[in-house]
Each structure stands twice: as structure tokens, then as C-alpha cells.
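S.K.: Here it is: the structure, laid out below.
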Amino acid sequence: MRILLAEPNIKMVHVLSTSCSLRFTSSWKSYSQPLNSTTCPTSLSLQTFKSPFRKLVLQAEKPQRSCTVCATTFPITDCGPHQRSKEPSKPQRIMVIGGDGYCGWATALHLSNKGHKVAIVDNLVRRLFDHQLGLNSLTPITSIHSRIRCWKSLTGKTIELYIGDVCDFEFLSETFKSFEPDAVVHFGEQRSAPYSMIDRSRAVFTQQNNVIGTLNVLFAIKEFREQCHLVKLGTMGEYGTPNIDIEEGYITITHNGRTDTLPYPKQASSFYHLSKVHDSNNIAFTCKAWGIRATDLNQGVVYGARTDETEMHEELCNRFDYDGVFGTALNRFCVQAAIGHPLTVYGKGGQTRGYLDIRDTVQCVELAIANPAQPGEFRVFNQFTEQFSVNELAALVTEAGKKLGLNVETVSVPNPRVEAEEHYYNAKHTKLIELGLKPHLLSDSLLDSLLNFAIKFKDRVDRKQIMTNVSWRKIGVKPKTVTA
Ligand SMILES: NC(=O)c1ccc[n+]([C@@H]2O[C@H](COP(=O)([O-])OP(=O)(O)OC[C@H]3O[C@@H](n4cnc5c(N)ncnc54)[C@H](O)[C@@H]3O)[C@@H](O)[C@H]2O)c1
């Protein structure tokens, strides 16, 4: 069962003003037939709330229930198992929450290409953050509808689309009842540490959005799809930087003569990272209490933009963030090098983290799905392939830049974060390798191609977005404008 929402209505969300939070209320019922335009919501209204986030309400005539959207103008056909006979794992019905985002879009395409039946669930709030803060992806990205249409026309494969907020349980229930997932990959969170540290309202939004969204997913699995495997994106940042080796989720401790295997201690360093820790605790508890099967993928920092699938057509191009709020270390350095901006190292630059290529993100998720956790099991994988300090990354980019004739300089800027700038770091990451991960390591040629990618789009760079004015110490209650 699915509902078709006429595309022009959806498109209206893209012209929202800069201080709105996109929220689709549960406002219509599931239908066994795709809706035509006469049964689609007929008007849009903005409700004003006290927080800086106002709600966008799509109003349907009636009946009023859940917003379940399949946005494709093509007839919905099942392009099931027969199209993927080479695949080792059984085709599954996979719901990708956050499938319009950076990791989610690449993963949705990859899983669809592998013959799985994929549905994207997303409220497009990431695009709204860009509008709010005056940011833009380095790469031009088309609407989710164009992306999905393009995929269909290239491959014949349908990706279903449900536009809505996973914090809205009624909406989420309808998507579960309609799509009936075997696995849910949950990318759908506010994922920027700096965004969560802009001001009080963004801190509250981040924790509410992430924690409630995940809680709703857990309740939906319990209520509607007990056997469904939850693959949840966590982050290596949950562990912090302890002065001992980081294990994969659990550590065996002997204390006063007694031994136990316990969850590895978490030392999150932003309101965003704290939301992830809370998610992990909620998931672990529900595995124990309700027998949910879950894999927590503690992902490192992702770099790159291209995957086999996004390369198939320019309309499938992934987003690539380089700004001070959403941009991540290596991607930012490549863009900075491409435009002749000094590489901005925060403080001493000894901050060391795990990194991985986006092609490995999609591979890891595929492996987790193909080898599901058992009922009641809360499984934790550290999802990264190599670790680097910020200084090491800057040196690598400088070297690779030289070969391309770029004069790359590095500056140390005051660290806006509260974090150790020199520390021990040794994190285990063997479980995904044991399942068959073939990593794409950061070689010279890969750095070349990343730099060339940044150079290709360098005319789209807004230099004002490079530096950040978000400060961990100065966060306050007053709503803050970030890029003015
Ligand atoms: N990008 C990285 O380097 C990185 C590193 C570690 C972990 N992760 C994790 O991976 C996941 C995906 O990251 P990303 O970089 O693709 O982020 P992203 O912001 O590009 O994508 C997240 C997507 O989720 C959607 N979303 C957010 N809240 C939602 C809600 N309440 N309901 C429905 N949709 C919602 C957004 O609109 C967006 O499309 C996140 O959970 C993040 O914490 C990312």
C-alpha cells in the first residue's frame, strides 16, 4: 500500500524560508491504490512555534491520518529477486531512513542495485538546514524525486519514497505497515556536532530529533515487524578519546576479583554525540527487553562522494559538505586546497579519528544486513578503515596537492571544540573485515581523485562558509545566526 503525493506539493517545501523546521503532520490515510492529484493534500500552512523551528503542515482534505508518500511518476512495479541473481545474500525489503542524505543516498542506491527492494524515508530536513544557515553542497544535488526518477529510468529499479518525520509515530507506523521492512537502516538524524552546539534550540532539536526518532523506530519494530533487523548508524565519537584501546562495543573488566563483559565506556563530546550515546542505550535495552535484533555501526568520519551508483548519472550526484558546520575533516581539506584556502587545523592538530571512504560505508551496511544480528542481540561494529590525526591528513593533502600543482598551506586556528588535541588513540575495527569488508584505503590515487573532484566544483565554493563561528564554550540560549 502506498500513497502518491503530487510532486508540486512536495516541491513547495524547497522554498521555505530560512527559519523553518520541516515537519509533515500525519494527515492522511494509506490507500491501496496510488493517489492521483485530486486526493493529494491541497494546501500548505505554516504554524509558528516558540522555538525557531516552525512546522510545515501539509493539509489533506480527508481522511486524516498518516503521510506515506511514494514519489515517482512511474508505475510502481516490483523489480524483485530475479533481477539480482548474482547476489550472495537473499533480497530483502530494506527501509533506509535518512535516504536523501550523504550516506543514506549512496546506500539506498547501492542496496537497490544489489537487488533489494528499497524504500527511502526522509523528511528532507537536511536540505532545510542548508536553507536556514545559508549553506550549500559543493555538488549540485537534484530533488529526491528527480534522483529516484533518474534511478528508475537508468536501471528499471523502483525506490519507494515516504516523506515524513520519524519523530511522528503515526507516520512511521503507516510506513512500516505499508512497506513491511525486513531490515531498517537508520541514518535519519541531525548529524553535525557543530550544529548541535550553535545554540540551545539546536541542542534541544538535535537530542529530540535523534533520540525520539530512534525510540519510535524501536517501537515500530516491536509493534509491526518483530523480526526486522535494525542497522543503526552510531559514531566512533561516542567513545571519545580514552587512554586505552577502544574495543568494538564491549570490554571485559576484572574488578575486585570478579569479571564481566560490559558496554565500552562512552565519553561523548557534543550534544550530537550525546544523542548517539542515548540511542545506543535505548537500543541495547530494547534488545534485552523485547528481543529486538540490532547492529550499531559506530562509524568513523566519512570522506569522498562517488560510488559506483552515484557515478551513473549527474542527477544521482551525492551531496558534499565543506562548510564549518556540516563539512568533515578530509572533505573540507580537499575543498580548501582546491580554492587556495589554507587548510584549517583546529589547535595542535593531534586529534586522531577513524576514517572511511563512502564506498566502504555502503559496503559495511550491506554486510551488516546480509549477516543480521540474532533476536535479542545488540551487536556493535566499529565502522572505519584507517585512523589519522588532523595533522597527518593535512600533510597528505599538501603532498597530493603539490603533485597537482596546487600550493597548499596549513594554518592552526583556535579550536572551537573542547577536545584533547594530543592523545592516545587505538580503536579496534576487525568485525566488518571478518564479515568480508574490502576497504578502499586512502592511497595517493584516491587523494588525487578527491582533489580533482573538489577542483571540478570549485566555482561553487562560498569562501564565507569555510570558517566556523560555532564555539563549544560560548554556546548560549540566544538563537544564533551562523553565517551572517
Ligand atoms: N557523515 C559522516 O561522516 C558520519 C560519520 C559518523 C556517523 N554518521 C552517521 O550517519 C548517519 C547519516 O549521516 P549523513 O552524513 O548521511 O547525514 P545527512 O545529514 O547527510 O543525512 C541525514 C538524513 O536524515 C534525514 N533526517 C534527519 N532527521 C530526520 C527525521 N526526524 N525524520 C526523517 N528523516 C530525517 C535528513 O533529512 C537527511 O537526509 C547519521 O546518523 C550520522 O550520525 C555520519
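Since every read-out is calculated from the coordinates, none of them should be taken as a lab result. Computed from a prediction, not measured in an experiment: that's the story for all the values here. So basically every Cβ, Gly included, is an ideal-geometry build from the backbone, and we count neighbours across all protein chains shown.
S.K.: Where in the stretch 454-484 does the label zone of Ile339 land, with the point 7 angstrom along Cα→C-beta and an amide N cut-off under 13 Å?
M.R.: 454-468
S.K.: Next question. Given that compact globular proteins tend to follow 2.2 N^0.38 Å, what is the ratio of the alpha-carbon Rg of the stretch 95-194 to that value?
M.R.: So the stretch 95-194 has a normalised radius of gyration of 1.07.
S.K.: Kindly state, to the nearest 0.05, the FRET efficiency for Leu435 paired with Lys403, given R0 = 22 Å and r defined as their beta-carbon distance. Intermediate values should be presented prior to the final figure.
M.R.: Details: r = 35 Å, r/R0 = 1.60.
For Leu435 and Lys403, the calculated efficiency is 0.05.
S.K.: With each pseudo-label sitting 7 Å past Cα toward Cβ, what's the Asn426-Asn371 distance in nm, one decimal?
M.R.: Simple spin-label model gives 2.4 nm for this pair.
S.K.: Now for a separate question. Report the charge-dipole magnitude of the stretch 356-423 in Debye, nearest 20, computed about the Cα centre from +1 at each Lys and Arg Cβ and -1 at each Asp and Glu Cβ.
M.R.: Once rounded to the nearest 20, the dipole reads 180 debye.
S.K.: Need one number: nm distance between label points at Asp260 and Leu154, each 7 Å from Cα along Cα→Cβ, rounded to one decimal.
M.R.: 5.1 nm
S.K.: Let me ask something else. Suppose each label sits 7 Å from its Cα in the direction of the beta carbon; what would the Ala289-Lys464 distance come out to in nanometres?
M.R.: For Ala289 paired with Lys464, the spin-label model returns 4.8 nm.
S.K.: Same structure again: Quick one: which of 229-235, 215-221 comes out on top by average Cβ neighbours within 10 Å, and what's the full order, highest first?
M.R.: Those peptides, ordered most packed to least, come out 229-235, 215-221.
S.K.: Among 292-299, 151-158, 459-466, 89-96, what's the highest-first ranking by average C-beta atoms within 10 angstrom per residue?
M.R.: 292-299, 89-96, 151-158, 459-466
S.K.: Run the Debye formula on the Cα coordinates of the stretch 93-465, all scatterers equal and no solvent, and tell me log10 I(q)/I(0) at q = 0.07, 0.10, 0.13 1/Å.
M.R.: Summing over Cα pairs of the stretch 93-465 leads to -0.29, -0.61, -1.07.
S.K.: Let me ask something additional. Just to confirm my numbers, what's the Cα centroid distance between the stretch 347-401 and the stretch 186-247 in Å?
M.R.: Rounded to whole Å, the Cα centres lie 17 Å apart.
S.K.: For the stretch 139-219, what is the convex hull (Cα atoms) projected area averaged across all directions, in square nanometres? Write out the running numbers ahead of the final one.
M.R.: Details: hull surface 28.6 nm².
Approximately 7.1 nm², given one-decimal rounding.
S.K.: Report, in debye and to the nearest 20, how large the dipole of the stretch 93-465 comes out about its Cα centre when Lys and Arg carry +1 and Asp and Glu carry -1 on their Cβ.
M.R.: In debye, rounded to 20, the stretch 93-465 gives about 240.
S.K.: For Glu392 and Lys456, calculate 0.36 nm times their separation in residues minus their Cα-Cα distance, and state this gained length in nm to one decimal.
M.R.: Full extension from Glu392 to Lys456 adds 20.6 nm.
S.K.: For the stretch 167-268, what class follows from the C-alpha gyration tensor (a ≥ b ≥ c being the square roots of its eigenvalues): rounded when a/c is under 1.5, otherwise prolate if a/b is larger than b/c, else oblate?
M.R.: oblate
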